[in-house]
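Undergrad: Below are the structure tokens for one structure; questions will follow.
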Amino acid sequence: MNQTEIAFILVMVLVLGLNTIIWGTAGLARIAATGMNSLQTRYDVRRGLVRVPAEQSIVRRRDVAILIAAHNEETVIAKTLHSAGAQVPMNHVFVISDGSHDNTARMAMDAGANVLELNPNRGKAGALVAGIEHFDLAGAFEVVVLLDADTVLSDDYLQTGLPLFTDDGVVAVAGRATTLVVPGARSALGRVLVAYRERVYVVVQLLIKFGQAARPADVVSIVPGFASMYRTGILSHVDIAAAGLTIEDYNMTFEIHAKKLGRIAFHPGAAVAFTQDPDNFHDYLKQVGRWSLGFWQTVLRHPFQPRKFWFALYLYVAELVVSSVLVLLLVPMIIVSALSSVFASAGWDGTIGGVSVGVGIPVYVLVLGFVIPDYLLTILTAAATRRPVYLLLGFAFPLLRIVDAAVCLHRLPEAIIGESNGVWTSPSRRGAELVSEQVPTTGSALAAQGRRRGDEL
């Protein structure tokens, strides 16, 4: 194997990701161990063809509360409340209006939810803590669903998610995120951004998180705060509103591992929810920056422990930094390599004052080593979501990989020297009035309509 082939393979591995390879293999092993019969049963459950017997789950719907922290969410909260009310009685739905200046609180009251209004704005984590304490959710319910105000639960969210609590050792169930494509993005750039976010969800959840959630591993690094479930009995042991953090979900997950509170369960066919992703560059940068900052802050907050979660975490951190640096260097490397080739054809030996200034790697190796593995992830996403339009939009995804890498590294110094108070402002939302079709409220209908809308993009 020559130097060019080694460079090509190295770039591909770094772009695709060691964690993707390792945990993707673990996920495939889980599928093989589960067996096709069990997989078919789960698929039938998702389609509503088979119902999970109540006795199989130690948690009943009557033992579940849904907690929503909202800040100026009148555009989207009606659909969220409608989907929540399809899971549990409305008197089990609790909305914390965190310093809202619009009709968020009034709409929640009119829908029949329990409402607590906070002023001033405390931030999402502070609002969640206030709601848990004010309504004594830990005393009244066994499980609480933490739900974002722009998220729509699939019709079988609890039906498929609650059985994961059958194991008494499971204390949290990570929701499966998928992007809400109705209402659609408002621009061509918006369609690219939303499609790219869906690819992130597919890659992280199907190729990484499913493997991480295997019983022998149990190294899931995030229980996403958009639509996940917790046993209320552990909430008093979790520092939900930890000082100085931008977001709460990473920290809550790390606390479970650090304090050995129990296992985190995840299955890609269970607890599915649909979330509205940014469709403009400003909101996209803001959201990715917030997530990156929150991740770095949480990593720095929790000291290393000689346990498998921290070994897996630091492998990911090392890969994240190296791959981000590599991605950012690719563009100048490609330019330098191309110029070196041009000048070499004119007789230049690639040195200045006897010092080599060339990259030494052909341009095609750098380009293909980056583009091929990146596009393979796009093909996977198009197949998993049944949205062939992603195959076209995917040509723009490498540019967003570069943006993500820049934001990730940019936020690291801020996490080291800065501090956050968690106070939030919601991104711009797409209301149902922006499209002729209304958003369906069932998971199967959402998935079917999402595919139709995806094919129309």
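Undergrad: Among strands (runs of 3 or more DSSP E) lying entirely in the stretch 135-188, which contain 1 or more residues that are polar (S, T, N, Q) and within 17 Å of ALA69 (Cβ to Cβ)? Don't jump to the end; show me each part of the working.
TA: Working: elements: 143-148, 151-153, 170-173, 176-179.
The qualifying strands (runs of 3 or more DSSP E) are 151-153.
Undergrad: State yes or no: is LEU164 touching a residue at least 40 places away in the same chain (Cβ under 8 Å) and open to solvent by less than 10 Å² (accessible area, probe 1.4 Å)?
TA: Numbers: touching a residue at least 40 places away in the same chain (Cβ under 8 Å): yes; open to solvent by less than 10 Å² (accessible area, probe 1.4 Å): no.
Criteria not met by LEU164.
Undergrad: Could I ask something else about it? Identify, from the list ARG263, ARG215, ARG290, the residue that is modelled with pLDDT of 95 or more and of a type in the set (Lys, Arg).
TA: Details: ARG215 fails: modelled with pLDDT of 95 or more; ARG290 fails: modelled with pLDDT of 95 or more.
Step by step, each of ARG263, ARG215, ARG290 is checked, and only ARG263 is modelled with pLDDT of 95 or more and of a type in the set (Lys, Arg).
Undergrad: Only one of ASP404, ASP374 is of a type outside the set (Phe, Trp, Tyr), assigned to a helix (DSSP H, G or I) and modelled with pLDDT of 95 or more; which?
TA: Working: ASP374 fails: modelled with pLDDT of 95 or more.
Going through ASP404, ASP374 in turn, the sole match is ASP404.
Undergrad: If THR275 meets every condition in (1) more than 25 Å from PRO413 (Cα to Cα); (2) surrounded by 23 or more Cβ atoms within 10 Å (Cβ to Cβ); (3) touching a Ser or Thr at 6+ places or on another chain (Cβ under 7 Å) apart from one, which number is that one?
TA: (2)
Undergrad: Name the single residue, out of those in the stretch 54-94 being without any contact (Cβ under 8 Å) to a residue 24 or more places away in the chain and of a type in the set (A, V, I, L, M), that is surrounded by the fewest Cβ atoms within 10 Å (Cβ to Cβ).
TA: ALA54
Undergrad: Residues that are at pLDDT 90 or above and small (Gly, Ala, Ser): find the helices (runs of 4 or more DSSP H) completely inside the stretch 1-88 holding 2 or more of those.
TA: Values: elements: 3-16, 18-34, 36-47, 77-85.
Helices (runs of 4 or more DSSP H) meeting the threshold: 77-85.
Undergrad: Looking at (1) in contact with a strand residue (DSSP E or B) (Cβ under 6 Å, 6 or more places away or on another chain); (2) farther than 25 Å from PRO278 by Cβ; (3) open to solvent by less than 20 Å² (accessible area, probe 1.4 Å), find the lone condition where VAL220 falls short.
TA: Of (1) in contact with a strand residue (DSSP E or B) (Cβ under 6 Å, 6 or more places away or on another chain); (2) farther than 25 Å from PRO278 by Cβ; (3) open to solvent by less than 20 Å² (accessible area, probe 1.4 Å), only one is false for VAL220: (2).
Undergrad: Which residue pairs have Cβ atoms closer than 6 Å, lie 6 or more positions apart in sequence or on different chains, and pair a first residue in the stretch 104-127 that is under 24 Å from ALA86 (Cβ atoms) with a second residue that is crowded, with 21+ Cβ neighbours inside 10 Å and not aliphatic (A, V, I, L, M)?
TA: These pairs meet every condition: THR104/GLU73; THR104/SER97; ALA105/SER97; ASN114/PHE94; LEU116/GLY131; LYS124/TRP424; ALA127/ASP98.
Undergrad: Every residue in the stretch 287-316 that is assigned to a helix (DSSP H, G or I) and exposed (fewer than 15 other Cβ atoms within 10 Å of the Cβ), please. Even if it seems obvious, please write down each step before you answer.
TA: Taking the stretch 287-316 first, the residues assigned to a helix (DSSP H, G or I) are 287-301, 308-316.
Within the stretch 287-316, LEU300, LYS308, PHE311, TYR314, LEU315 qualify.
The values are calculated or read from the model by the stated rules, or taken from the named source; none is laboratory data. For clarity, every value in this text was computed on a predicted model and none was experimentally measured. Counting neighbours? That spans all protein chains shown, and the Cβs are built from the backbone with ideal geometry, glycine included. Just the protein is used for accessible areas: all its heavy atoms, side chains included, with ligands, DNA and RNA removed. Shrake-Rupley method; radii C 1.70, N 1.55, O 1.52, S 1.80 Å.
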